[in-house]
Amino acid sequence: MSSEVIEFFNVVFRFAHVIAAIMWIGDSLLFVWMEQNLIKDEKDPKSLGRMNMLHGGGVFYLQKRVLDPLNLPKPLHVFKWQSYTTWLTGFTLLVSTFYTRSGTLLLDPSKTDLVGWQASVISFVSLVLFWVIYDQVWQSPLKKYPVVAVGVLVAVFLLYANWINGFFNGRFVYLQLGVMLATTMTANVFLRIIPNQKKFMKELAEGKPHNLEYGRQAKLRSMMNHYVTFPVIFLMLSSHAPVTYGDDHNLLIMCIIIFGLVVIKWMMNLYHSFSEWVYVAIATFVLCTFGVVGVKSLPAPITEGPPMSAMAESGQKVFNNKGCMACHQPVDSSIAPSLHGLYMTERELATGEMILADEAYIEESILYSNKKVAKGYAPAMPGFAGVLSDEEVAELTEYIKFLAQN
Ligand code: HEC
């Protein structure tokens, strides 16, 4: 198959993946919302709560009930394929896009000597192992102390993140963590939630009463899934945000963002019972945003090399202030090439032509970026002619030259 055909299949799978994920997450958000807003029904002992919803020109009357074995409803809708389809299409993409090019897309050659297939094996085995650990924790006596159980899992997650950060590139570190959490979510549905539902439905069919304990266990897993949804969406979309994964303190930034997203989701769930929810959510957003900005202004870890000249230092300021760093990160991303080590190397252009990345090339790239487009990238860089002064361009060039020595 030609690479263009494969690329087209990737587009199709990505589209299916996004649609399935929207349906799945949408279900999760809606069901938890309904759960939280049910009104207790004192008069009817079989009722677990009810509500009315106005939509589509009518009122949906919804009631959550204890089932009567003699009167099982038909048809009964079960929600699982949204989750399975999301995982199957996502895993296909992981293999077809990443594992087939694992040397370049998974690893960071400046950090490791591992080779591509080893990286793919580590990535895949981790998905399985993390699920096993997660599941064991929730089956162990720790499940009686959910705060401790969550604490243990967060610690495992962070230690693992720190470990893979030592050989995967920043972009794949985030993606791997997102895939790992999402795999746990689907495994929860496939191996715990749906089997539990089947068990009590089977008992009901045998005429036994509705065992609510199975439901309680399934609900705990569903709630876990629910709180992980926002962080997973962030991690999955993070390849569009090199400003997060490309930072020297990428893990710290990720922790702040995930913490913020979980607290915000929690507040959204409390909106009926806690009148200040919106203020806490906004305060969390503001604090976390400042947190990320604060981390981004931390100095980079000291690397050996010649000190920066005053002119290169001014160039660094222009680089940060004019938004270059939004696209250009210390490592190549899908958005833009890294400028570290560019100066005086041979550059292949989209036309196939080879060119030496000297001062003239760098200056032209900044001013009229689309005149010569680097191979493998879209002509996405705005031209800076008329935006930057001659002095600023010279300073930027000096800074980019400095980056080549570090
Ligand atoms: C919107 C994203 C974006 C922004 C902002 C941006 N660039 Fe780029 N830049 C790119 C992309 C994509 C390429 C590769 C395609 C090309 O050569 O035009 C590139 C290429 C370059 C190159 C040539 C690199 C090579 O490997 O050949 C240089 C030098 C450069 N940019 C410098 C800068 C500077 C300096 C700034 C800030 C003043 C800046 N860029 C802002 C996206 C961006």
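Residue-level check: of (1) loosely packed, with under 13 Cβ neighbours inside 10 Å; (2) within 16 Å of the ligand (Cβ to nearest atom), Glu276 misses just (2). The set of residues in segment 377-406 being without any contact (Cβ under 8 Å) to a residue 24 or more places away in the chain and either aliphatic (A, V, I, L, M) or within 23 Å of Ser110 (Cβ to Cβ) (or both) consists of Ala378, Ala385.
Restricted to segment 317-406, the set of helices (runs of 4 or more DSSP H) holding at least 1 residues that are within 9 Å of the ligand (Cβ to nearest atom) and modelled with pLDDT of 90 or more comprises 359-367, 390-404. Here Val154, Val147 are screened, and the one residue that is assigned to a helix (DSSP H, G or I) and under 18 Å from the mean Cα position of the chain (by Cα) is Val154.
Residues that are part of a helix (DSSP H, G or I) and surrounded by fewer than 14 Cβ atoms within 10 Å (Cβ to Cβ) within segment 295-316 comprise just one, Ala310.
Can you find a residue in segment 321-330 that is touching a Gly at 6+ places or on another chain (Cβ under 7 Å), under 30 Å from Val393 (Cα atoms) and among the polar types (S, T, N, Q)? Checking segment 321-330: at least one residue is touching a Gly at 6+ places or on another chain (Cβ under 7 Å), under 30 Å from Val393 (Cα atoms) and among the polar types (S, T, N, Q). Within segment 324-355, the set of residues being without any contact (Cβ under 8 Å) to a residue 24 or more places away in the chain, more than 23 Å from the chain's Cα centre (by Cα) and surrounded by 12 or more Cβ atoms within 10 Å (Cβ to Cβ) comprises just one member, Ile355. Taking segment 7-50 as the range and being touching a Phe, Trp or Tyr at 6+ places or on another chain (Cβ under 8 Å) and assigned to a strand (DSSP E or B) as the test, only Arg50 passes.
Filtering segment 152-194 to residues that are surrounded by 24 or more Cβ atoms within 10 Å (Cβ to Cβ) and charged (D, E, K, R) leaves only Arg171.
Selection within segment 115-151: residues that are in contact with a Gly (Cβ under 9 Å, 6 or more places away or on another chain) and surrounded by 13 or more Cβ atoms within 10 Å (Cβ to Cβ). The member of this set that is modelled with the highest pLDDT is Ala119.
Within segment 202-218, being of a type in the set (A, V, I, L, M) and free of Cβ contacts under 8 Å to residues at least 60 places away in the same chain holds for one residue alone: Ala218. Only one entry in Thr186, Thr100 is farther than 26 Å from Ile253 by Cβ, in a helix (DSSP H, G or I) and modelled with pLDDT of 90 or more, namely Thr186.
The number of residues in segment 222-280 that are under 22 Å from Gly294 (Cα atoms) and modelled with pLDDT under 95 comes to 13.
The values are calculated or read from the model by the stated rules, or taken from the named source; none is laboratory data. Predicted model, so just to flag it, every value in this text is computed and none were measured. Positions of Cβ are generated from backbone atoms using ideal geometry, with glycine treated the same way; all protein chains shown enter the neighbour counts.
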